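Below: one structure, written as structure tokens.
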Amino acid sequence: MSVSPELMAQVMALHEQLRYHNHRYYVLDAPEISDAQYDELFQQLKKIEQHYPELQTPDSPTQRVGGEAIGAFQTITHTIPMLSLGNAFSTSELKDFERKLKERLESVDIDELEYCAELKLDGLAISLIYENGVFKQGATRGDGATGEDISHNLRTIRNLPLQLNTLKPPLLLEVRGEVLMPRAGFDKFNAEAQQKGERLFANPRNAAAGSVRQLDPNIAAKRPLAFYAYSVTQIEGSQLPATQYEVLQWLKSLGFTISDDIKTGKGLAFVEKFYADIQQRRPLLAYDIDGVVIKVNDLAKQQVLGMVSREPRWAVAYKFPAQLASTVLESVDFQVGRTGALTPVARVKPVFVGGVTISNITLHNMDEIRRLGIEIGDTVEVCRAGDVIPKITQVLARGESTVAIELPLCCPVCQSPIIQDEKGVIARCSGDVYCDAQVQRRLAHFVSRKAMNADGLGERWLEQFLEKGLIKQSADLYALNAEKILAANIEGMGEKLAENIITAITKTKQTTLQRFIYALGIRGVGEGTSLALAQYFGDLDKIKDASMEALIAVPDIGEVSAKWIVAYFQEPLHQQQLQAFVDAGLTWPKIDIEQAQHQPLVGQSWVLTGTLSTLGRDAAKAKLQQLGAKVSGSVSKKTSVVVAGAEAGSKLADAQKLGVTVWDEQQLLDLLAEHRV
Ligand code: IVH
């Protein structure tokens, strides 16, 4: 079928109109037409595209409405690592930033150095790849080196260009920026969720993060998300302008949204003024920010400055101070964790601080309560900075008739007796397998990322599965199927979701012995100990039957953990569970203990401190473990080597005091290269 120029013009006009109304609705929260009118335009375009598929371009607004759910997230390695920013919280820290610039830009008159000042958007950092002007892939920051492919969700974001607005697009372009949920959209979204009795998000940042980490793009498509670009990290087949400010304007011309508050100016006086202006206007902005970002404007100078400890030297985040508020402590509840540990949680009169309304604040343990000297009825100070968990910082005034906070004698969930440790800091419910709270927490641990990694099976669903009697313990997960889940009539659960959950559970059947041991949630057995057990015994049966003596012989396992391990495997209920896992078909690759025992660093204990700019600490830890080393968090006489990265602090000092060998990052890299890991 041939396409008339009129029809093409009509399609273009529809694109233009839909884009405009999307922007008004999702970004500005100022729609000009009704939802019905919008739908009519949308359907008009859809109909034309159905008749003339050649008119359906990748950037058509019809391409943003979701599509098929994905099975699991793919890992993406960032060609250029995604860095973080150094922080400044005061004028003097800002001066430190300027002083360091001065040291490195010797020939530059520092008072004449031009900055580009931007907002520090409080969302999620995202990287987008465009090939020949077409959106190809988008990923989360992850740990900076690798992130997750979330293209399916990003595609649904209304203001994210699917095709660049230029006739001569670069062959390759990588744009970075922030995905966020504008406040107005967030308020509307939460209000609707409340009406429907669904879960509310605590703040726009969590809402944005929760939306882009969905397997089903239809969910993201319904969320009012927006993308704001702030940098270009790769370009091929085209040239970037000379300054950050011009890069942003260029991105705008390509169709990206950039913030309205971007300014250039010279010297710290300009920076302080920008900061003060923005701080004043902060409540009126369309989205949450947690400070401003100051960048050296000239890209050539940025190159000269380079980076240190995974932070660019040419930029700093000048953060707003943590926000304080006062409220009244109304009561304290005790929550039961995976190992039965009780955590006191303060229930305070709801108070708005740092962008969220806070009513629950963890108090960690009884020691913290004693340290603060708080009693129920006191007026307390609450502090919250950015995405940091809120804290009670001090008692502001003693209430008129206060009640002391006492540890309960029985578990609030299962009524079993509470047992305290000798120091009176940690208290535990003794209910173990008979305590519903412990069971639920353990299930959550079992499926968590570092354990069995059943993606998409969050606590919300586990809670429902337990409540509806679908499962009683982790092994029961393997007897589930989509029909059973659907038959339980769980609110919000659909066919697709049930299938995704089953796929995720099935995938966990192929695991590693280390993950499986860790997933069991044995007291005192963290990731490191699980690895040590797996490598030493190589086989689950051997671990199960190991005596105290055999366990203590394992590097990294002391008497206390050994006792817990033995006790765990002696419990008949745990034995039954283990059999159920085996029956369900859980498998892991065989471990060659001969080889594992002869790894070059077996028996050594290493400590990583400071920032390792090339590898990152998590990767360095994994590689050292691969070579058989135990990687510990604190330095002692027994430590074999301390690897000190940039800005290493007290651990380096400890090592020097104790005469422990200290290496720099390059020495570690050389060792890893030598052993090909
Ligand atoms: S530039 C080298 N510009 O802040 C990192 N980042 O703490 C370059 N952020 O992960 C980032 N607004 O998510 C830059 N205008 C802005 C920003 C910004 C928010 C976030 C970003 C990054 C984090 C670093």
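Bear in mind these aren't lab numbers, they're just calculated from the coordinates by the rules spelled out. Since this is a predicted model, take the numbers as computed values, not measurements. As a convention, Cβ positions derive from the backbone with ideal geometry for all residues, glycine included, and neighbour counts pool all protein chains shown.
Under a plain spin-label model, where a point goes 7 Å from the Cα along Cα-to-Cβ, how far apart in nm are Ala488 and Thr614? According to this spin-label approximation, the distance is 4.9 nm. Sequence-ordered 3J(HN,Hα) estimates for region 661-671 from the Karplus curve with 6.51, -1.76 and 1.60 and θ = phi - 60° stand at 4, 10, 10, 9, 4, 5, 4, 5, 4, 4, 4 Hz, glycine and proline given as x. Rounded to the nearest whole Hz, the Karplus-based 3J(HN,Hα) values (6.51 cos²θ - 1.76 cosθ + 1.60, θ = phi - 60°) of region 126-133 follow the sequence 9, 10, 10, 10, 10, 10, 6, x, with x at glycine and proline. With neighbour counts taken as other beta-carbon atoms within 10 Å, the residues Val560, Val662, Val433, Val212 rank, fewest first, as Val560, Val433, Val662, Val212. Over every Cα atom in region 29-96, the radius of gyration and the widest Cα-Cα span, Dmax, amount to 22.4, 64 Å.
Segment Glu272..Ser34, full-extension length gain: 81.4 nm, with 0.36 nm per residue of separation and the alpha-carbon distance subtracted.
Measuring nothing but how far apart in sequence close Cα pairs (under 8 Å, 6+ apart) lie, relative to its length, region 164-320 scores a relative contact order of 25 percent. Can you tell which of Ala653, Ser613, Gln576 lies farthest toward the positive end of the dipole of region 558-668, using +1 and -1 charges on the Cβ of basic and acidic side chains (Lys, Arg; Asp, Glu)? Farthest towards the positive end: Ala653. Classified by the C-alpha gyration tensor, region 130-187 has an oblate form. Its axis ratio a/c, with a ≥ b ≥ c, is 1.5 or above, and a/b does not exceed b/c. Sorting the segments 447-454, 413-420 by their residues' average number of neighbouring beta-carbon atoms within 10 angstrom, most packed first, yields 447-454, 413-420. Computed over region 364-441, relative contact order equals 25 percent, with contacts defined as Cα pairs under 8 Å that lie 6+ residues apart.
Fewest to most neighbouring Cβ within 10 Å: what's the order for Tyr38, Tyr115? If you can, show how the numbers build up before the last one.
Numbers: Tyr38 18, Tyr115 27.
In increasing order of surrounding Cβ atoms, one gets Tyr38, Tyr115.
With r as the distance between the Cβ atoms of Lys450 and Ile593 and R0 = 25 Å, compute the FRET efficiency 1/(1 + (r/R0)^6) and round to 0.05.
After rounding, the FRET efficiency stands at 0.65.
Cβ crowding within 10 Å, taken as a proxy for footprinting-reagent exposure, orders Arg398, Arg676, Arg19 from fewest neighbours to most as Arg676, Arg398, Arg19. Computed packing ranks the peptides 185-198, 618-631 as 618-631, 185-198, most packed first, by mean other Cβ atoms within 10 Å. Once you sort the root eigenvalues of the Cα gyration tensor of region 154-300 as a ≥ b ≥ c, which label holds: rounded (a/c under 1.5), prolate (a/b larger than b/c) or oblate (the other case)? Oblate, since a/c reaches 1.5 and b/c is not below a/b.
Mean projection of the Cα convex hull over all viewing directions, computed for the chain: 35.5 nm².
Listed as lacking a disulfide-compatible partner in the chain: Cys116, Cys383, Cys410, by the criterion of no other cysteine Cβ under 4.7 Å. Under 16 Å from a label point set 7 Å out along the Cα-to-Cβ vector of Ala202, the amide N atoms of region 338-375 belong to 344-364.
In this simple spin-label approximation, Thr75 and Gln415 carry label points 7 Å from Cα along the Cα→Cβ vector, and these lie 4.8 nm apart. The separation of region 191-206 from region 377-437, counted between C-alpha centres, amounts to 27 Å. In plain terms, the chain from Leu41 to Asp670 could stretch by 220.3 nm, reckoned as 0.36 nm per residue minus the Cα-Cα distance. First check a/c for region 220-306, with a ≥ b ≥ c the square roots of the eigenvalues of its C-alpha gyration tensor; if it is under 1.5, answer rounded, and if not, answer prolate when a/b is larger than b/c or oblate otherwise. It comes out oblate by the Cα gyration axes. Between region 475-489 and region 39-86, what is the C-alpha centre distance in whole Å? One Cα centre to the other: 32 Å. Taking 0.36 nm per residue of separation and subtracting the Cα-Cα distance, full extension of the segment from Gln656 to Gln10 would add 225.2 nm. Using Cβ point charges alone (K and R +1, D and E -1), the dipole size of the chain about the Cα centre works out to roughly 520 debye. The relative contact order of region 548-677, computed from alpha carbon pairs under 8 Å that lie at least 6 residues apart in sequence, is 20 percent. Placing unit charges on the Cβ atoms of the charged side chains and taking the dipole of region 581-653 about its Cα centre, the candidate lying farthest along the positive direction among Pro589, Val602, Gly633 is Gly633. Volume of the convex hull of region 375-482 (Cα atoms only), normalised per residue: 181 Å³. Here the sum of -39500 (n - 2.57) over DSSP H runs of 4 or more residues, divided by the residues of the chain, equals -11000 deg cm²/dmol at 222 nm, to the nearest 500. Here the spin labels are modelled as points 7 Å beyond Cα on the Cα-Cβ line, and at Val566 and Thr166 they lie 7.0 nm apart.
Working note: Karplus 6.51/-1.76/1.60 with θ = phi - 60° gives region 450-460 the couplings 7, 9, 7, 6, 8, 5, x, 9, x, 4, 4 Hz, where Gly and Pro are set to x.
Summing Cβ point charges (Lys, Arg +1; Asp, Glu -1) relative to the Cα centre of region 502-621 gives a dipole of roughly 400 debye.
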